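A short worksheet on the structure shown next.
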Amino acid sequence: MFRPGEKSLAIETRLKTVRKVRVYEEIVSQITSLILNGELKMGDKLPSERELGERFGVGRNSVREATRALESANLVETRQGEGTFIVAGPDSLVPVLSASISGDESGIHLLFEARRVLEPQIAALAAKRATPEELEELGRILESQRIEVDAGRNGIEEDTLFHLTLAKAAKNEFLLKLLRTLLESLRERREESIREQSDRIRSHETHLVILGALRAKNEGGATASMLSHLIEIEGGETDGDFSPETGAE
């Protein structure tokens with residue numbers, strides 16, 4: 001028999017703390033995209049902290065955090081008295097990523113961070129380029145994931161297939177190769193992130209939101225929903241050495 005408050009309690013157990021998207025991650029995402037599409041080349045010098053802050057409309061603390069993240073991923077190098085320079089190109093990003101892979105927490109953190117930088121941009125490209133057939137395939141994959149989750153299984157194979165099929169829809173072989181490397185390297189941690197049934201259900205639900213943005217050809221919505229999905233599902237790995245964005249200088 002239903003008792004007052006039971007439904008409310010059930011809903012409360014599914015609610016999670018809302019996490020803010022950090023400003024520095026958006027800066028990292030934009031700079032990485034410029035490297036990937038060749039607009040920023042090896043040896044190019046980035047504008048100063050002050051200039052970047054003005055262009056992005058953010059404080060210098062956010063620019064510093066973004067620079068630290070890019071340096072950790074071996075994408076830029078800061079030279080005393082000279083400035084910050086691009087030290088990786090599109091063809092070198094996969095070897096750079098592979099070299100950074102390690103079993104310790106710092107290596108895992110870098111991989112999660114790289115995924116949060118790349119996949120929102122992949123989602124934006126897919127929103128623009130996906131064919132009706134590819135969208136139908138993504139829908140079938142999510143239906144298979146729902147069946148797996150309803151049966152009490154983690155649905156990790158369907159999860160992986162969804163992200164790789166989405167990357168194929170972006171029509172960029174390099175990004176697909178890079179994402180496959182990331183997903184394979186993080187397989188064990190990804191399984192841990194959906195150990196609980198509530199996390200599996202939420203993962204499937206957020207996949208549906210992403211697919212909705214793709215179907216609407218909403219590039220901004222696809223970017224935002226993918227980043228939100230990754231932060232929520234893999235949120236335990238976002239803290240690392242970086243402090244939350246406060247907006248204060």
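Readers should treat all values here as calculations from the given coordinates under stated rules, not as data from a laboratory. These figures come from a predicted structure and were not determined experimentally. Virtual Cβ from ideal backbone geometry, glycine too; neighbours counted across all protein chains shown.
Just to confirm a number: summing +1 for Lys and Arg and -1 for Asp and Glu over residues other than Gln145 whose beta-carbon lies under 11 angstrom from that of Gln145, what do you get? Write down the numbers at each step before the final one.
Numbers: positive: Arg140, Arg146, Arg153, Arg200; negative: Glu143, Glu148, Asp150, Glu157, Glu158, Asp159, Glu205.
Within the 11 Å Cβ shell, the charges total -3.
Which residue, chosen from Gln197, Leu230, Ile122, occupies the Cα position most advanced towards the positive end of the dipole of segment 119-249, where the dipole is computed from +1 (Lys, Arg) and -1 (Asp, Glu) charges on Cβ about the Cα centre?
Ile122
When only DSSP loop residues count, what trypsin sites (Lys or Arg not before Pro) in segment 161-207 have their Cβ near at most 14 other Cβ atoms within 10 Å? Don't jump to the answer; show the numbers that get you there.
Values: sites: Lys168, Lys171, Lys177, Arg180, Arg187, Arg189, Arg190, Arg195, Arg200, Arg202; in loops: Lys171, Arg195.
In loop regions of segment 161-207 (DSSP not H, G, I, E or B), the sparsely surrounded trypsin sites (Lys or Arg not before Pro) are Arg195.
Positive end of the charge dipole of segment 21-100 (Lys, Arg +1 and Asp, Glu -1 on Cβ, about the Cα centre): tell me which of Val87, Thr32, Ala69 has its Cα farthest that way.
Going by the charge dipole, the pick is Ala69.
Just check segment 119-249 against the gyration tensor rule for me: Cα atoms, a ≥ b ≥ c as the square roots of the eigenvalues, rounded for a/c under 1.5, and otherwise prolate or oblate depending on whether a/b exceeds b/c. Could you put the intermediate results ahead of the total?
Numbers: a/c = 1.56, a/b = 1.11, b/c = 1.41.
Note, shape of segment 119-249 comes out oblate.
What residues qualify as long-range amide H neighbours of Val76, i.e. H under 5 Å apart, gap of 5 or more or another chain, H built at 1.01 Å from N?
Excluding prolines and chain starts, which carry no amide H, the hits are Glu71, Val87.
Might you report the magnitude of the Cβ-based charge dipole of segment 49-92 about its Cα centre, with Lys and Arg at +1 and Asp and Glu at -1, to the nearest 20 debye?
Working: 6 positive and 8 negative charges, 35 e Å.
The dipole magnitude comes to about 160 debye.
For segment 170-216, which GluC sites (Glu not before Pro) are in a loop by DSSP, counting at most 11 other Cβ atoms within 10 Å? Show your work: numbers first, answer last.
Numbers: sites: Glu173, Glu184, Glu188, Glu191, Glu192, Glu196, Glu205; in loops: Glu196.
When the GluC sites (Glu not before Pro) of segment 170-216 are filtered for loop state and at most 11 Cβ neighbours within 10 Å, Glu196 remain.
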